[in-house]
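The values are calculated or read from the model by the stated rules, or taken from the named source; none is laboratory data. These numbers were taken from a predicted model, which means no experiment stands behind them. So basically every Cβ, Gly included, is an ideal-geometry build from the backbone, and we count neighbours across all protein chains shown.
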Amino acid sequence: MPEGHSVHRITRQFARHFVGEQVAASSPQGRFAGGAAEIDGRTMLSAKAVGKQMFLEFTGGLWLRVHLGMYGAWDFAGDITTDATTSSANGRMGQTNQRGTVASGAAPSGAGTEGENEDSLHSIGAPRRARLRMAEAETLRSSPGEQDDTFPAEPIGAVRVRLLTSHSVADLRGPTACEVLYPEQVAAVLAKLGPDPLVDDPVEAEDRVVKTIGKKPTPIGLLLMDQSVISGIGNVYRAEILFRARLNPHTPGKLVPAESVRALWRDWTYLLDIGVSTGQMMTMDGLDEEQFTRALASRDDRHWVYHRTGKPCRVCGTPIVMEVAAARKLYYCPVCQA
């Protein structure tokens with residue numbers, strides 16, 4: 001499931017290329033025909049992300065709320081960028097990279113690849129006409145040098161909603177939630193979400209997280225995934241943040257010292273910033289150039305414990321443990337996080 005950094009990057013794509021534009025909305029699949037008709041022809045006013053949810057504001061007081069869930073992805077085409085933060089190029093923002101794909105700038109030829117590459121680090125230049133998928137990772141559908149002369153291309157597959165401007169198009173597939181809301185309904189959704197480091201006041205948000213976790217008997221490993229406690233953390237960041245803190249995931253929240261909770265929040269803020277900037281869930285610090293190149297090419301060289309079941313802990317050598325907690329896989333070191 002896309003975690004917070006991915007959703008923030010997607011909304012920045014909208015902010016850069018759709019906000020201020022009149023949007024033609026349709027539902028090629030037909031399942032969102034009514035909602036698409038409500039926002040069709042309106043101008044997009046803003047795009048914001050809170051945790052794993054995104055909100056697109058249109059004239060007339062209407063908002064499009066999207067939660068990608070496990071299978072959702074946005075396909076962008078036309079004049080778009082692969083790096084929605086600082087640089088420009090072309091590609092796809094979606095759920096995961098396609099196995100075997102090497103994105104531009106991800107790693108030099110000869111670097112190891114195992115289908116975990118994520119584009120955006122070195123893509124520079126004016127927006128070009130191409131295609132990009134965005135979700136958990138970002139995958140180019142055509143290279144930065146290629147020109148896709150068919151615009152807009154006919155929608156392919158089960159496109160829930162298509163948002164089209166004179167120069168860019170975004171197709172949404174497979175979301176868990178896709179609905180048109182009024183401002184009061186948006187406010188109700190937001191009221192149920194925990195703080196997001198990129199949205200909320202940092203001091204107030206940190207205090208709120210400390211107060212909330214300090215009351216809970218629930219294991220901290222579950223609390224970090226609870227979107228009403230903290231917005232945006234998913235399975236990868238959960239495992240990595242807990243390891244970086246050397247904290248046992250089974251520790252009840254109310255037994256985690258307040259200063260440790262503050263440290264967790266600050267580390268999430270730090271890692272989220274890296275994720276939004278690079279497009280990758282890079283959770284290992286202090287990598288040299290060779291190690292960083294490997295990390296770009298392979299997830300196994302990017303994380304401390306996530307998806308490393310049975311492999312030796314990078315610190316103590318103990319095999320990493322995986323267990324199922326609340327129907328999600330939990331990875332940790334039984335010694336470093338004892």
Candidate set from the stretch 271-310 (those that are farther than 20 Å from S6 by Cα and among the small types (G, A, S)); member that is modelled with the highest pLDDT: G310
Using beta carbons and a limit of 7 Å, which pairs, at least six apart or on different chains, have the first residue in the stretch 219-233 and under 11 Å from G253 (Cα atoms) and the second one among the hydrophobic types (A, V, I, L, M, F, W, C) and assigned to a loop (DSSP other than H, G, I, E, B)? I220/L247; I220/V256; L222/A326; L223/V229; L224/I230; L224/I233
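Scan the stretch 276-292 and tell me whether some residue there is within 22 Å of L223 (Cβ to Cβ) and of a type in the set (A, V, I, L, M). Don't jump to the end; show me each part of the working.
Start the filter on the stretch 276-292 by keeping residues that are within 22 Å of L223 (Cβ to Cβ), which leaves 281, 283.
Then drop every residue that is not of a type in the set (A, V, I, L, M), which leaves 281.
Yes: one or more hits.
From the list G279, G275, which residue is touching a Ser or Thr at 6+ places or on another chain (Cβ under 7 Å) and not polar (S, T, N, Q)? So that I can check it myself, show each step before the final result.
Numbers: G275 fails: touching a Ser or Thr at 6+ places or on another chain (Cβ under 7 Å).
Among G279, G275, only G279 is touching a Ser or Thr at 6+ places or on another chain (Cβ under 7 Å) and not polar (S, T, N, Q).
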Answer from E154, E184 - the residue that is out of contact with any strand residue (DSSP E or B) (no Cβ under 6 Å at 6 or more places or on another chain), assigned to a helix (DSSP H, G or I) and either of a type outside the set (F, W, Y) or surrounded by fewer than 17 Cβ atoms within 10 Å (Cβ to Cβ) (or both): E184
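Right, R16: under 26 Å from Y237 (Cβ atoms), basic (K, R) and modelled with pLDDT under 95 or not? Lay out the reasoning, then the answer.
Numbers: under 26 Å from Y237 (Cβ atoms): yes; basic (K, R): yes; modelled with pLDDT under 95: yes.
Here the answer is yes, as R16 does meet what is asked.
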Failed item in (1) more than 24 Å from the chain's Cα centre (by Cα); (2) surrounded by 15 or more Cβ atoms within 10 Å (Cβ to Cβ), with A47 passing the rest: (1)
As an exercise: evaluate M284 against (1) without any contact (Cβ under 8 Å) to a residue 60 or more places away in the chain; (2) crowded, with 20+ Cβ neighbours inside 10 Å; (3) not polar (S, T, N, Q) and give the number of the one condition it does not meet. (2)
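Among the residues of the stretch 31-44, which ones are crowded, with 21+ Cβ neighbours inside 10 Å and either in the same structural domain as D273 (by TED's automatic domain parsing) or in a loop (DSSP other than H, G, I, E, B) (or both)? Before you say what the answer is, go through the steps one by one.
Looking only at the stretch 31-44, we keep the residues that are crowded, with 21+ Cβ neighbours inside 10 Å, and these are 32, 36, 39, 44.
Result: F32, single match.
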Checked G194, G232 against criteria (in contact with a Ser or Thr (Cβ under 8 Å, 6 or more places away or on another chain) and either surrounded by 17 or more Cβ atoms within 10 Å (Cβ to Cβ) or part of a helix (DSSP H, G or I) (or both)); the one match is G194
